[in-house]
Structures are given as C-alpha cells and as structure tokens.
1. Using label points projected 7 Å from each Cα along Cα→Cβ, tell me how many nm separate Lys62 and Val238, to one decimal.
2. Find out how many positive minus negative residues lie around Gln99, taking Lys and Arg as positive, Asp and Glu as negative, among other residues whose Cβ is under 10 Å from that of Gln99.
3. Between Ile230 and Thr198, what FRET efficiency comes out of the Förster formula 1/(1 + (r/R0)^6) with R0 = 41 Å and r the beta carbon distance, rounded to 0.05?
4. Provide, for the chain, the number of lysine pairs with alpha carbons under 13 Å apart, each pair being eight or more places apart or on different chains.
5. How high is the relative contact order of segment 215-294, in percent, with contacts defined as C-alpha pairs under 8 Å that are six or more residues apart?
6. For segment 54-67, what does the Karplus curve 6.51 cos²θ - 1.76 cosθ + 1.60, with θ = phi - 60°, yield as ³J(HN,Hα) per residue in whole Hz, taken in order and with x for Gly and Pro?
7. With the contact rule set at Cα under 8 Å and sequence spacing of 6 or more, what percent relative contact order holds for the chain?
8. Kirkwood-based Rg over Rh for segment 80-151 (C-alpha set), two decimals?
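Only the coordinates and a few stated rules stand behind these numbers; no lab work does. Please read these numbers as outputs of a predicted model, since none were measured by experiment. As a convention, Cβ positions derive from the backbone with ideal geometry for all residues, glycine included, and neighbour counts pool all protein chains shown.
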Amino acid sequence: MVMSALKTLPSTNIIYQLLAPQSNYVVSFDLVLMLAWSSLSPPTSISDTGKFLALCNAFSAKQDFFSTDPANALATLNPADFTDPALDDKEWNLYPNVQIVQKIWTMVATYVDAVVDTGYANDGAVAADKDVANWIEFASTTGNVAELPKMDSKAALKAVVSSVLYRIIFHGLGRLRNVGAPEPPFAPNYPPCLQSTTIPDPATPLSTAELLKCLPNTGTLGSLISFYYIFAYNAPYVPLVPYKGAEDELFFDKVRYPAANQALIDFRKGIEGFIAWFQPDWVQTGQWPRNIEL
C-alpha cells in the first residue's frame, strides 16, 4: 500500500502529505530485512525471503484488507470473557494489550478523519480525485491487495488511510523499553515460534517433557532478544514527536490545510500522553519513531 501510494500520489495531494512522512523508510526497511534475513529477521519457521514473499503474496491475495483492523480482529472475541468488573469498570481489563491497541487506533483514526475532512468537502470531492483512485487501482492490481473499496466517499478513504497509517504508527510502540524488556524476551509463555514441525493436537494433554520439545530453544530466544534490542536501545532516525515539540516539522501546506496541521499537532500530543501513561517511570517520547526503520 505504501509503495503504491508513493508511486501514484503527487506530493501536492493531501493524502500523500499524510502518508509520506510516516513511511519514508518502510520500503527500505523491508529490503534490509530481506537482504540480511539470516542475521536481522526475528526467529520464525520461515527460513528465507522467498518463502516469506510467497506467503505474503498468497495471504494478501485472499485476505480482506480490513480484517486486521482492531474492531474486525476483535469481533471474534467476547469482551465479557476478558473483563473482570471487580477490577475496574474498563472493558478488556484482563487483556490490557487490547486496551493499548484501541487507544492507538482511536488516535490514528481521529487524526485521519480530521485530515480527510480538511482536504475533501464531500464525497464527490473524493470521487473526483483521480490520483487517489489510481492509488487504489494500482494497489489492487500490481500490489495484489484484496478487498479495497472504491474511492467514492470520505468514509471509504478514511477507512483505507486509517488502516495503512495505523500499521505504521503502532509499530513504533516496539521501541519502548516496557515492550522489549523484560517480559517478551524472557517469559516462557511468550514463544515467538514452535521449535518442532509437528503441531500438537490442542485437545491432547502434553507432559512437561513433550511441551518443552515444542518450545523455542535457547538459541532461538537469544535471536529474539537480539532482534528486540536492535530497536529498543538505539535512537530512531526521526521521532514521531519532533525533538523541538509537537508544533515543529508540520507536514501539510500551511496556507491550504491549517486544520490538518492542527490535527497533526493534536495527534502527536496524544502519543506523548500515551507514552507517559504506558511507562510513567521512564517517559521515552523521542524513542517512538515516525517511520518503520532500523
């Protein structure tokens, strides 16, 4: 989706101005991972880039583009099963990762809504934007992305852009200390993959010895820790919130789209507030990257 956007949208388009600064390094990041797969990629059962690309291509061609958006992904779960009223009155309090996902999704969607409303007066303006139509057409055909909607309304444009931007923004959470350490690398109940090619029947009880044969080896866990620490202990090239503050380095044309720039400022301040809430003992505002990058 990002490569398609960069190939088809002119720099004057407000959607380009929204996506491009947040995705400057996405394509190059993917290329680096593929070129240095054996030393940089996280531990998985996929042994080389050819298998990975084949899997992605098959998945993309058949999977609804919006299926991984939080609301759709969570639709198969019953919130009551993950909520304890005795703890507090917040839904999903037994599954706090869902609360984090929802917080970030809401911030991204609110930001995208404001930008699209600024750039397009009505649904007809979206339908008349040939560049956006070309983007979706290119992504659907050459990009092999399934189930993209026709760009004939602001709602359709907001849905696509929110989904793309959310995936980039959420990735930045992985650089924060509380994500990479200590639980994910060291907790035995957080395996990155199975060490065995034989998948156990979930209905068949396993002894401890049989279970350990399936869980990652020490070397695999070491690879996972190395992958986490590539990001967690070095500063990003470009932070999501500029070092000089949320009002610096605004993306949008200051004359045509002042409301979009205000939405960007509000979004950045929202991320600042989230980081302070997420790990108040060590507020790493500058550690959340604007892009997906090494």
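1. 3.7
2. Its environment carries a net charge of +1.
3. Values: r = 31 Å, r/R0 = 0.76.
Efficiency, from the Cβ-Cβ distance: 0.85.
4. For the chain, the number of qualifying lysine pairs is 4.
5. Relative contact order, segment 215-294: 42 percent.
6. For segment 54-67, the Karplus curve yields 5, 5, 4, 5, 5, 5, 5, 5, 10, 8, 4, 3, 8, 5 Hz.
7. It comes to 26 percent, rounded to a whole number.
8. That ratio is 1.20, to two decimals.
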